[in-house]
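Asks: Questions regarding the structure given below will be posed in turn.
The values are calculated or read from the model by the stated rules, or taken from the named source; none is laboratory data. Please read all numbers here as calculations on a predicted model, not as lab measurements. Note that each Cβ is placed from the backbone with ideal geometry, even for glycine, and that neighbours are counted across all protein chains shown. When the accessible area is computed, the model is the full protein with side chains, heavy atoms only, and any ligands, DNA or RNA have been set aside. Shrake-Rupley method; radii C 1.70, N 1.55, O 1.52, S 1.80 Å.
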Amino acid sequence: MEVRTPARMSPAEAEAVLRRALESTGQRFTEQRAAVYRYLLETDRHPTADDVFTAVRAEIPDISLATVYKSLETLVGCGLAVKLTYGDGSARYDGRTDPHPHARCLSCGAVLDVPGKLEADALERLGPVEGFEVEGYRLELVGYCEACGRN
């Protein structure tokens, strides 16, 4: 069975997925939420809310930054996006919700998907954590992107 990843969905499929997810959590479908979701599905950049705002404003000129933030949080709450947070308080968003590793640049903060997958037994090989039930994982490689080098 083929997994339908965001990049493989047609615009009509993406809208249907969004409508179902919003309705299942008692949220309304809006064009603003749809535009934010479409942008997340189209990009692999892991944008900040400001990046999303700038991009979506080309489609909906009167959208506010507050609406973009609320839309992003709604998508995260519906399970259609992932919020990647960091110790410095910054956040980036990912329209890909399957478990996959990221690489983050320590200089510019860019986040990239790491190709490949961890083997199914990778978590088991780490061993149990006493007093803690593991539900999943987030793997992040840190270093410097090609553009930044080691400044």
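Asks: Restrict the search to segment 117-151; then list the chymotrypsin sites (Phe, Trp or Tyr not before Pro) that DSSP places in a loop and that have at most 11 other Cβ atoms within 10 Å of their Cβ.
Replies: Details: sites: PHE132, TYR137, TYR144; in loops: PHE132, TYR137, TYR144.
Counting only loop positions with at most 11 other Cβ atoms within 10 Å, the chymotrypsin sites (Phe, Trp or Tyr not before Pro) in segment 117-151 are PHE132, TYR137.
Asks: Once neighbouring chains are kept in place and the probe is 1.4 Å, which whole percent of the accessible area of segment 33-80 is contributed by carbon and sulfur? Intermediate results must be reported in sequence, preceding the final value.
Replies: Values: 1130 of 2270 Å².
That share works out to 50 percent.
Asks: Next question, about the same structure. Have a look at LEU22, LEU41, LEU139 and tell me which one the Gaussian network model of the chain (Cα, springs below 10 Å) gives the largest fluctuation.
Replies: LEU139
Asks: Using the reciprocal of the averaged 1/r over all distinct C-alpha pairs, how large is the Kirkwood radius of the chain in Å? Mind showing how you got there, number by number?
Replies: On the way: mean 1/r = 0.0587 Å⁻¹.
17.0 Å is the Kirkwood radius here.
Asks: Next question. Per residue, how much accessible surface does segment 20-134 expose to a 1.4 Å probe? Answer in Å², no decimals. Each step should come with its number before you reach the end.
Replies: Working: 6880 Å² over 115 residues.
Ligands and nucleic acids excluded, the figure is 60 Å² per residue.
Asks: Please report the spacing between the Cα centers of segment 60-132 and segment 32-51 in Å, no decimals.
Replies: 13 Å
Asks: If you count the DSSP beta bridges with both ends in segment 29-151, what percent of them are antiparallel, to the nearest 5? Before the final figure, lay out the partial values.
Replies: Working: 7 of 11 bridges.
Here the share of antiparallel DSSP bridges comes out near 65 percent.
Asks: Pick from GLU130, GLU13, GLU119: which is most flexible by mean-square fluctuation in a GNM of the chain where alpha carbon atoms under 10 Å apart are linked?
Replies: GLU130
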